[in-house]
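A short worksheet on the structure shown next.
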2 protein chains.
Amino acid sequence: MERCGKQENTMKNSGLNADKTEAREFQTPSSGIFFKADRVLCEKTTAFQRVEIIDNAAFGRVLLLDGLVQTTEMDEFNYHEMLVHPACSSHPAPRNVLVIGGGDGGALGEVLKHAVEKAVLVEIDSGVIEACREFFPWLEPALKDSRSELVIGDGNAFVRDTDLRFDAVLVDSSDPVGPSTVLHDEGFYAGLKRILNPGGVIAAQAGSPVLHLDALTAKSLFLKRLFKYSRYYLGPVPTYPVGTWCYHFLSDVFDPLDGRDLRIPAGLKYYNAEIHTAAFALPNYLRCLA
Amino acid sequence: MERCGKQENTMKNSGLNADKTEAREFQTPSSGIFFKADRVLCEKTTAFQRVEIIDNAAFGRVLLLDGLVQTTEMDEFNYHEMLVHPACSSHPAPRNVLVIGGGDGGALGEVLKHAVEKAVLVEIDSGVIEACREFFPWLEPALKDSRSELVIGDGNAFVRDTDLRFDAVLVDSSDPVGPSTVLHDEGFYAGLKRILNPGGVIAAQAGSPVLHLDALTAKSLFLKRLFKYSRYYLGPVPTYPVGTWCYHFLSDVFDPLDGRDLRIPAGLKYYNAEIHTAAFALPNYLRCLA
């Protein structure tokens, strides 16, 4: 998954320490999460960002981009299942699926659990793909799947220019703050609507329900104009700020709470039909997003 | 709230650092959470534990006992609302309520939002009460409420010896590992059942659904024998390990999912009727607890 764009004063304090024994992320300017590094597996700077992968006794391999935790072996299923399956399981037959961002391949792996014909992954940074191919066990098999197609490129440009059409689009973008806010703009979502097949469905990571609430509230206004059904839902991600993450479900055809039969792949660790409904229940402090 | 009893090797690394600028908790032996300390408000050792209260720019006042985060001003409502309201809102009229543990007063404050006649708080450590009275704004008004009664004493002994009977009992105990495991024993819960009025209901913090899964699984076996309705439910707690916390709902009369009208106090930040139902949805990896 992709997260970036925190304020600079926290970013520069996040990541591996000087003696490479510990990585930390300032989730706010004054608090955060830390991981002891048994080994540093990867440490490089690409054209886009600083890439660090460490081995941690509790979470396994941990990927940080510009010092922000993107995914860990132990808890990635929480995020990737909840990004992919509420949308893909609501669609009666998602044949063509697009994943924007998500160079670690976790979302692609979940998409391939559905009976798709084609799954396109658009990731801007080939350096992330190369690092994750080497150190995260699920990426290489997902990319080698005959249904997968990898595009190295800008997600916004891809959506603007492509002639392809999709039954489901999963937006595994950066957070709704900082330099990559274009993937949270009205224009980007209008573009996504254009490349949907009739009956298509979109799910997008939306950020932290606490840290990014202003951005979430603003976004919900134009998304309600663009889509007949626009709903936020929630899921836990232990290594993301405040431990709970927010996602969008967008469709002109499917109400995610209409009681339809969900086509849920076998073998999932987190998502099931009860969780699907439960995820759309918003606490009082998020009622502004309903 | 009360949490303690982690393995010693992590506990001794948790808490304020040497120069008092930062507090950290090792949530696992190799990872955890940190808070910059703008000020250290309290640092003392009682007969039971080390008590630290710091001021943090993001979370406000943070209480640590033996280096483990108990509560913060910013996020306490998540935990205390979910400990208290699913039980107290399910009961048609909880008049007499018992809180075991929870010397910070957060649970007591939530109990007093219901039309109770008497709320008894049993906390073992007067040093926690004294520190929280001074530094957490909600404790003093809760204790001064004419319906409140504070008992400084051992929760297990209180339950064994009391002649009082309660409509609702909230167990704000330590985690189900380490020296305080007595509050997770079958004998303790049999005692709780004895002091319930007919139609009474119990909610208990049960620990982390990831870190304490073995203990949760074992406990569910005897709780199913003791109570007609024994269910786990979940809620987010940003500053607790993995960000999601597990609770028990226990009753011989009320199925928490029977669709009854919930008597929910006004002005809550988290809990509502949709959240009530959603909290009982368990992810696949916790289906063993169903």
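The values are calculated or read from the model by the stated rules, or taken from the named source; none is laboratory data. Everything numeric in this text was worked out from a predicted model, so none of it was measured. Cβ atoms come from the backbone with ideal geometry, glycine included; neighbour counts cover every protein chain shown.
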_If a residue must be closer than 26 Å to A:VAL62 by Cβ, surrounded by fewer than 20 Cβ atoms within 10 Å (Cβ to Cβ) and either out of contact with any Lys or Arg (no Cβ under 7 Å at 6 or more places or on another chain) or more than 7 Å from chain A (Cβ to nearest Cβ) (or both), how many such residues does segment B:28-48 contain?_
2
_Being farther than 17 Å from A:ARG287 by Cβ, surrounded by 15 or more Cβ atoms within 10 Å (Cβ to Cβ), in contact with a strand residue (DSSP E or B) (Cβ under 6 Å, 6 or more places away or on another chain) and not hydrophobic (A, V, I, L, M, F, W, C): is that true of A:GLY200 here?_
yes
*For the subset of segment B:82-132 comprising residues that are part of a loop (DSSP other than H, G, I, E, B) and of a type in the set (Asp, Glu), which member is farthest from the chain's Cα centre (by Cα)?*
B:GLU117
_Six or more apart or on different chains, Cβ atoms under 7 Å: show the pairs whose first residue is in segment B:263-290 and on the phi > 0 side of the Ramachandran plot and whose second is loosely packed, with under 15 Cβ neighbours inside 10 Å._
none
*asked:* Given the condition over 18 Å from A:TYR240 (Cα atoms) and aliphatic (A, V, I, L, M), answer yes or no: does some residue in segment A:41-53 qualify?
replied: yes
_Output for segment A:215-269, where each listed residue is touching an Asp or Glu at 6+ places or on another chain (Cβ under 8 Å), part of a loop (DSSP other than H, G, I, E, B) and of a type in the set (Ser, Thr, Tyr)_ = A:THR239
*Residue by residue through segment A:152-209, note down the ones that are under 30 Å from B:VAL237 (Cβ atoms), in a strand (DSSP E or B) and either out of contact with any Cys (no Cβ under 7 Å at 6 or more places or on another chain) or at pLDDT 95 or above (or both).*
A:LEU170, A:VAL171, A:ASP172, A:ALA203, A:ALA204, A:GLN205
_Residues to consider are A:LEU65, A:LEU121; find the one that is surrounded by 24 or more Cβ atoms within 10 Å (Cβ to Cβ) and in the same structural domain as A:VAL242 (by TED's automatic domain parsing)._
A:LEU121
_Test set (1) buried (at least 17 other Cβ atoms within 10 Å of the Cβ); (2) modelled with pLDDT of 95 or more; (3) farther than 30 Å from A:VAL62 by Cα; (4) of a type outside the set (Lys, Arg) - A:ASP252 fails condition number_ = (1)
*Within the group B:LYS144, B:LYS113, which residue is in the same structural domain as B:PRO92 (by TED's automatic domain parsing), at pLDDT 95 or above and farther than 26 Å from B:ALA206 by Cβ?*
B:LYS144
_Checking B:LEU98 against (1) within 14 Å of another protein chain (Cβ to nearest Cβ); (2) buried (at least 24 other Cβ atoms within 10 Å of the Cβ), the condition it does not meet_ = (1)
_Within segment A:221-238, does at least one residue satisfy the condition of being within 14 Å of chain B (Cβ to nearest Cβ), closer than 30 Å to A:GLY60 by Cα and free of Cβ contacts under 8 Å to residues at least 24 places away in the same chain?_
no
*Selection within segment A:141-151 - assigned to a helix (DSSP H, G or I), over 17 Å from the mean Cα position of the chain (by Cα) and within 15 Å of A:GLY102 (Cβ to Cβ)*: A:LEU143
*Considering (1) free of Cβ contacts under 8 Å to residues at least 60 places away in the same chain; (2) assigned to a strand (DSSP E or B), say which one A:LEU63 fails and leave the rest.*
(1)
*asked:* Residues to consider are B:ASN284, B:ASN272; find the one that is within 13 Å of chain A (Cβ to nearest Cβ), surrounded by fewer than 22 Cβ atoms within 10 Å (Cβ to Cβ), out of contact with any Gly (no Cβ under 7 Å at 6 or more places or on another chain) and closer than 20 Å to B:MET74 by Cα.
replied: B:ASN272
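Rundown of residues vs (1) more than 10 Å from chain B (Cβ to nearest Cβ); (2) modelled with pLDDT of 95 or more; (3) more than 20 Å from A:PHE26 (Cβ to Cβ), yes/no style:
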{"residue": "A:GLY60", "(1), (2), (3)": "yes, yes, yes"}
{"residue": "A:LEU64", "(1), (2), (3)": "yes, yes, no"}
{"residue": "A:LEU68", "(1), (2), (3)": "yes, no, no"}
{"residue": "A:SER89", "(1), (2), (3)": "yes, yes, yes"}
*Across segment B:239-262, what is the number of residues that are at the interface with chain A (Cβ under 8 Å from one of its Cβ atoms) and without any contact (Cβ under 8 Å) to a residue 60 or more places away in the chain?*
2
*Where residues in segment B:156-196 are in contact with a strand residue (DSSP E or B) (Cβ under 7 Å, 6 or more places away or on another chain) and closer than 21 Å to B:LEU257 by Cα, which of them is surrounded by the fewest Cβ atoms within 10 Å (Cβ to Cβ)?*
B:LEU196
*Taking B:GLU274, is it closer than 30 Å to B:THR28 by Cβ and not small (Gly, Ala, Ser)?*
no
